[in-house]
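Below is one structure; the comments refer to it alone.
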Amino acid sequence: MSTPASQFPPGVKPFADRQRPKTICMFDVDGTLTPARLKASPTMISHLKALREVCATAFVGGSDLVKQEEQLGIDGINILDLFDYCFAENGLTAYKLGKALTPTSFIKHIGEEEYKKLVNFILHYIADLDIPIKRGTFVEFRNGMINVSPIGRNCAQDERIAFEKYDLEHGIRTKFVEVLREKFAHLNLTYSIGGQISFDVFPVGWDKTYALGRLEGEGFDEMHFFGDKGGNDYEIYEDPRTIGHAVTCPEDTMKLLDELFLH
Ligand code: M1P
């Protein structure tokens, strides 16, 4: 069922009046709309605004909404006004036309006791880990997932890049994930190494395809996804419901948008 015109805020064209009323374009954030962890360019924002005249738009990010606001909310833009759908934490936190949809809770799903055991084990494991430097925020609790970082999320940009390189050589995150997978097999969790310094942990099925579930019954018959082929984009990119476009950087995304939709 399509969304009635009355649900659209003033100045936003209803889907039915756009050039491709039943098409939606969804975007990963890091490396697709912005350079990793950095801000979007004004040219990217213009592309997104132009695209919204053609079809529906959404971002599907692994991070929480605060980080996506930092990256996409340039020049005072409210990102809830920039996209038709905002899917933070793989869609576990979601907004449609600026309004919040019901959030999904990781703790409710696995229970406080199991959650505590998981976090205690992670913190012990990190304490015993001998890596060149450690900073702070080793476990970040989000609504629908936890994010685990051996170096700590509040490391500086140069430290982040150095950790990524070190991790590529030493497989710190891969080994960590193997241990957790075995130790907490009964929780049926997914471990996703999607960024530079951390990995996400959430129940099986709560990957980015969770956002596609939110779009069921919204009336779209063509769903495009722009992002990496791998990492935390793998499942949504490969999902039969989406047309996947592998991009390498924001410039690549804009080039594809020009070719496919904005001519
Ligand atoms: O979007 C990809 C990942 O981005 C961040 O990863 P990192 O800080 O390790 O580069 C995190 O927000 C992570 O949750 C997310 O999946």
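Observations
- Condition check for P132 on (1) crowded, with 19+ Cβ neighbours inside 10 Å; (2) farther than 24 Å from L65 by Cβ: one failure, at (1).
- Scan the range 163-180 for residues that are in contact (Cβ under 8 Å) with a residue 40 or more places away in the chain, away from the ligand (no atom under 15 Å from the Cβ) and not β-branched (V, I, T) and the total you get is 1.
- Some residue of the range 147-160 being part of a loop (DSSP other than H, G, I, E, B), of a type in the set (S, T, Y) and within 10 Å of the ligand (Cβ to nearest atom): yes
- Only one entry of D64, D28 meets the criterion of being of a type in the set (D, E, K, R) and either modelled with pLDDT of 95 or more or in contact with a Phe, Trp or Tyr (Cβ under 8 Å, 6 or more places away or on another chain) (or both), and that entry is D28.
- Residue satisfying all of: in the range 1-30; touching a residue at least 60 places away in the same chain (Cβ under 8 Å) and among the hydroxyl-bearing types (S, T, Y); surrounded by the fewest Cβ atoms within 10 Å (Cβ to Cβ) among these: S2
- Pick from the range 181-216, criterion more than 14 Å from the ligand (Cβ to nearest atom) and among the acidic types (D, E), ranking: nearest to T57 (Cα to Cα): E216
- The residues in the range 31-51 that are surrounded by fewer than 16 Cβ atoms within 10 Å (Cβ to Cβ), assigned to a helix (DSSP H, G or I) and either aliphatic (A, V, I, L, M) or at pLDDT below 95 (or both) can be counted, and the count is 1.
- Candidate set from the range 63-88 (those that are within 12 Å of the ligand (Cβ to nearest atom) and over 19 Å from I24 (Cα atoms)); member that is surrounded by the most Cβ atoms within 10 Å (Cβ to Cβ): Q68
- Among (1) part of a loop (DSSP other than H, G, I, E, B); (2) in contact with a His (Cβ under 9 Å, 6 or more places away or on another chain), the one test that L257 misses: (1)
The values are calculated or read from the model by the stated rules, or taken from the named source; none is laboratory data. Please read all numbers here as calculations on a predicted model, not as lab measurements. FYI the Cβ positions are ideal-geometry reconstructions off the backbone, even for glycines, and counts take in every protein chain you see.
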